[in-house]
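Here is the structure we will look at, set down as structure tokens.
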Amino acid sequence: MTKKKKIILITVILAVIIAAGASAGIYLYINRFDAGEYVQAVLDTSYKNKTDQYVEITGISKEEAEKIFEDNLDATMAGFESSEMPEEMLPRYRELFGEIAGKVSYTIGEPEKQMDGTYTVPVIIKPITLFTDTYETFQTRAQEYAQEVTDSVMNGGEMPTDEEMQGQIYQIYYDVLKERVDSGMLYGGARNAALHVTKEGSREFTIDQGDMDKLDSMLIESVDNGKEETAEGQEQTGEDANTEENAEK
């Protein structure tokens, strides 16, 4: 083999090696996200409106990602929009519920690959206990308002309309919730959940919807659940170990 042919052959081999390395690099780049990172991105987008990682993983636009958070708020507000809540209070409740959602606490564990190729992603949740914490305060203030109305009417005052009384009750509830949110959220004891994730492609994942629904129900404790689980301790944000900053993961 002549010297010239040897140089050409070496050049071709080097070109193949470089191309293979580049291809491997591209493959590793587009497949660099794992199931745990995807779950983190989905939860951050859904509850905290933090969309950067979700946009990077899925390739959708920032506007599309932000719509996920807004759609979740729409679903939350749907029941109130069909209730007796005064229309002017709807934006205030929507903003408050968005603020509450942003404070939910979850910590993503290490994904485990299953025999069928899917992944199980553990999630540790500390449920917000806002509604159980404020239930008695709301009841007390609502009763005080009812007594004020009764005393006023007994003294010759005009009886408020049903709409006026409903509006005042919603205002009382808003004030009670807002005061607690502003003073520092409380969280219940840690609970375990698991999300089953299927990787459909380099940038395509799906999370089992039943798992997501169950996780969603665990993030914020309802009044009924709180009464059943009073044995579980609560940790306050601020000086305690479970600070609001640590909770927002």
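With contacts defined as alpha carbon pairs under 8 Å and 6 or more residues apart, what's the relative contact order of segment 32-247 in percent?
Taking the mean separation of contacting Cα pairs over the length of segment 32-247, I get 24 percent.
Based only on Cα atoms, what mean projected area does the convex hull of segment 26-171 have, in nm²?
Taking the Cα atoms of segment 26-171, their convex hull projects to 12.2 nm² on average.
Of LYS62/LYS113; LYS48/LYS178; LYS48/LYS214; LYS48/LYS113; LYS62/LYS214, which pairs sit farther than 25 Å apart, going by alpha carbon to alpha carbon?
Beyond 25 Å: LYS62/LYS113; LYS48/LYS113; LYS62/LYS214.
Using only Cα atoms, locate the centre of segment 51-115 and the centre of segment 155-210, then give the distance between them in Å, rounded to an integer.
Cα centres, segment 51-115 to segment 155-210: 11 Å.
For segment 121-184, which GluC sites (Glu not before Pro) are both in a DSSP coil and crowded by at most 12 other Cβ atoms within 10 Å?
Listed in order of number, the matching sites are GLU158.
In nanometres, what is the gap between the two model label sites at GLU110 and LYS214, each 7 Å from Cα along Cα-to-Cβ?
Spacing of the two 7 Å Cα→Cβ label points: 2.3 nm.
Please give the length that would be gained between VAL153 and THR137 if that part of the chain were fully extended, namely 0.36 nm times their separation in residues minus their C-alpha to C-alpha distance (nm, one decimal).
Value of the extension gain: 3.3 nm.
Rule-based calculations on the coordinates, nothing more; no lab input. Keep in mind that what you see is a predicted model, and the values were worked out from it rather than measured. As a convention, Cβ positions derive from the backbone with ideal geometry for all residues, glycine included, and neighbour counts pool all protein chains shown.
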